[in-house]
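Everything on this sheet refers to the single structure shown next.
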Amino acid sequence: MSYKTLLGDPIGAPVLDWTAPPLPPRATLDGHYIRLEPQTLADHGDDLWEAFSAETTGADWTHRFIGPFPDRAAFDAQILADEHNTAQLYFAYVDKASGKALGNGSYMAMAPGAGSIEVGSIMFSRAMQRTRAATEAIYLHLRWAFENGYRRFEWTCDPLNAPSMGAAERFGFSFEALFRQAYVTKGRNRNKAYFSITDGDWPGIRRAFETWLSPENFDADGQQKQSLRALTAPFVRTRISPEVSQSTNDLGQPIGALVADWTPPPRPSRMTLIGQSCRLEPLSVEHAADLYAAHGHDTEGRNWTYLPAGPYETFEGYRDWVWEAAASPDPMHYTIITDKGPVGTASYLRIAPSAGSIEVGYITFSPLMQRTRASTEAMYLMMKWAFEAGYRRYEWKCNALNIPSRTAAMRLGLSYEGVFRQAQIVKGGNRDTAWYAAIDSEWPAIQAAMETWLADDNFDADGRQKQSLSDLTRPILVAEG
């Protein structure tokens, strides 16, 4: 069933009788084969060091952000840091037969307001790999999250990590997106594959796990009768193969290309970006009255349908938003000013210098700015600053139902990467989010296309374009959607 606003714009289905779930507590999750205990150095450090040290080549750490560790002191420092990490909740995976911790992992990207959570930083020792206990550990993570009201459960990994990619699909996760140049890890490029399970998927996937984990599924020699992959296959919507790399380490494992002569870029400052048809100034409450008047030309409020806030019925309400937004370092908002005065806003957000990644968003163009050279030049100026500052990845995301925004992203040269199902709840309705990105190697061609389009000689005496920007950027796109 499709849903629309009174203006006819498609919107997400209403999310009824739902409240934001709690953050995971520091409590034990108990299974038949495994027990997930909140990880501490005192309780689990010795076991984990012993378990992980059994693999002597370092192969298990290749696709991790950390490790291998040169000595016990370095390992203990990491376990202690994990214990006090407020952004992730680490668990030690304690084998109930031996009483020893044989692996660990964490809840991360915990966003109760969006109903979304991720499991990650998973490390199974050689003693735990390919065991019922390892599968049950993931089942316990999933079960707690969905029983407590989460709508979306994520799994991410390096797409060169074939075991992790395979595990995601075996556990019933559906592939959603591949982020190019998501990080620089251990001096090398790392892309990022995204998978998810939604609450609608979970009942079937839960039955699959419980069928597989049941003692009746194993013969007298412990051999499975039905594979978990076969049981979850009906619920996996989209699949993807691991990436192929031209680079390998000494162990023959595929690794990302070396990122040479790169240092993390600076964060954007409260700077002014100046073009021919517009300039971008840091958002200020001094701009509020002019911006509110400009947005008043949108008498239906259509421009606000896909934004998390607005439309604003009173100037005071809009001014309060400007006051708060102007003080925010991320998102960092800018006012777009043309010869008509302040006519729109846009921001940098998800600013991650260490990953070389930045996003443009909260784009709100009033009718005075829409379909003008200034609207395109404003986006050009923001992208130009980011790549010239040293960012490697430039993101754009929007409500998947917002076709004008999706079209605009590709017109500007950003390639489609995927759709995140049930990514958020916005204004009481479900929001799937579409992702687009450009990377630094594409920027020279995008810049040339934009500058060709923006040039005076691309417009006739009546101001009509001779070449469309979409025609100029389409050959640059690696995927459309």
At 10 °C and 1.306 mPa s, grab the translational diffusion coefficient of the range 42-163 from Stokes-Einstein with a Kirkwood Rh over Cα pairs, rounded to a whole number in µm² per second. 104
At a temperature of 4 °C and a viscosity of 1.567 mPa s, determine how fast the chain diffuses translationally according to Stokes-Einstein, using the Kirkwood radius over alpha-carbon pairs as Rh; express D in µm²/s, rounded to the nearest whole number. 52
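So how do W396, W385 rank on accessible area, 1.4 Å probe, biggest first, that is with the largest at the start?
W385, W396
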Amide H neighbours of A177 under 5 Å, counting only residues 5+ apart in sequence or on other chains, H built in-plane at 1.01 Å? Y194
How large is ³J(HN,Hα), in whole Hz, for each residue of the range 475-481 in order, when computed from phi with the Karplus curve 6.51 cos²θ - 1.76 cosθ + 1.60 and θ = phi - 60°, using x for Gly and Pro? x, 7, 5, 8, 7, 10, x
Where does each of E313, E480 land when they are ordered by accessible area, with a 1.4 Å probe and the largest first? E313, E480
Quick one: how many Å² of D432 are accessible to a 1.4 Å probe, rounded to 10? 50
Per residue of the range 339-347, in order, report the coupling 6.51 cos²θ - 1.76 cosθ + 1.60 (Karplus, θ = phi - 60°) as ³J(HN,Hα) in whole Hz, putting x for Gly and Pro. 5, 9, x, x, 10, x, 9, 7, 9
5 angstrom amide H check on A423, placed H, neighbours 5+ away: R431, D432, T433
To the nearest 10 Å², what's M410's accessible area with a 1.4 Å probe? 40
Which value, in debye to the nearest 20, describes the size of the charge dipole of the range 1-68 about its Cα centre when Lys and Arg Cβ atoms bear +1, Asp and Glu Cβ atoms bear -1, and nothing else is charged? 440
Just grab the label-to-label distance for A97 and S277, each label 7 Å out from Cα along the Cβ direction, in nm (one decimal). 6.9
Run the dipole for the range 360-401 about the Cα centre, Lys and Arg Cβ at +1, Asp and Glu Cβ at -1, nothing else charged, and hand back the magnitude in debye, nearest 20. 80
Once Lys and Arg get +1 and Asp and Glu get -1 on their Cβ, which of V285, G252, W212 lies farthest toward the positive end of the dipole of the range 189-290? V285
Convex hull volume of the Cα atoms in the range 133-220, per residue, in Å³? 116
Please work out the C-alpha center-to-center distance from the range 394-409 to the range 158-229 and express it in whole Å. 28
Largest first and in whole Å, what are the equivalent-ellipsoid semi-axes of the range 211-351 based on the Cα gyration tensor, each being the root of 5 times an eigenvalue? 52, 26, 14
What Rg and what Dmax come out for the range 155-285 when only alpha-carbon atoms are used, in angstroms? 22.1, 77
Need one number: convex hull volume per residue for the range 306-437, Cα atoms only, in Å³. 124
Alpha-carbon centroids, the range 242-266 and the range 1-65: separation in whole Å: 27
Quick one: what Rg and Dmax do you get for the range 43-97 from the alpha carbons, in Å? 11.7, 31
Over the range 87-234, with a single point scatterer placed on each C-alpha, what log10 of the ratio I(q)/I(0) does the Debye formula yield at q = 0.12, 0.15 1/Å? -0.52, -0.82
Relative contact order of the chain, please, whole-number percent, based on alpha carbon pairs below 8 angstrom and at least 6 residues apart. 13
Do any trypsin sites (Lys or Arg not before Pro) in the range 281-357 lie in a loop, going by DSSP, with at most 11 other beta-carbon atoms within 10 Å of their beta carbon, and if so which? none
Please report, for the Cα atoms of the range 275-345, the Rg to one decimal and the Dmax as a whole number; what are they, in angstrom? 11.9, 33
Taking a 1.4 Å probe, which of K100, K466 shows the most accessible area, and what order do the others take after it? K466, K100
Give the calculated FRET efficiency between E316 and E388 to the nearest 0.05, with a Förster radius of 41 Å applied to their Cβ-Cβ distance. 0.60
Quote the convex hull volume per residue of the range 226-288, based on C-alpha atoms, as a whole number of Å³. 318
Taking the chain, how many lysine pairs are there with alpha carbons less than 20 Å apart, if each pair must be eight or more places apart or span two chains? 4
Can you list residues whose amide H is under 5 Å from Y183's amide H, if they're 5+ apart or on another chain and H is modeled 1.01 Å from N? R190
Can you give the Kirkwood hydrodynamic radius of the range 369-411 from its Cα pairs, in Å with one decimal? 11.6
For a paramagnetic label modelled at 7 Å from the Cα of R26 toward its Cβ, which residues of the range 39-76 fall within the zone defined by backbone nitrogen distances under 14 Å? 39-44
Sites D250 and D460 - FRET efficiency at Förster radius 51 Å, r taken between beta-carbons, to 0.05: 0.25
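The values are calculated or read from the model by the stated rules, or taken from the named source; none is laboratory data. Just so we're clear, the structure is a prediction, and the values are computed from it rather than from any experiment. Please note: Cβ atoms are built from the backbone with ideal geometry, for glycine as well, and neighbour counts cover all protein chains shown. Just so you know, the surface numbers come from the protein's heavy atoms only, side chains and all, with ligands and any DNA or RNA stripped out. Shrake-Rupley method; radii C 1.70, N 1.55, O 1.52, S 1.80 Å.
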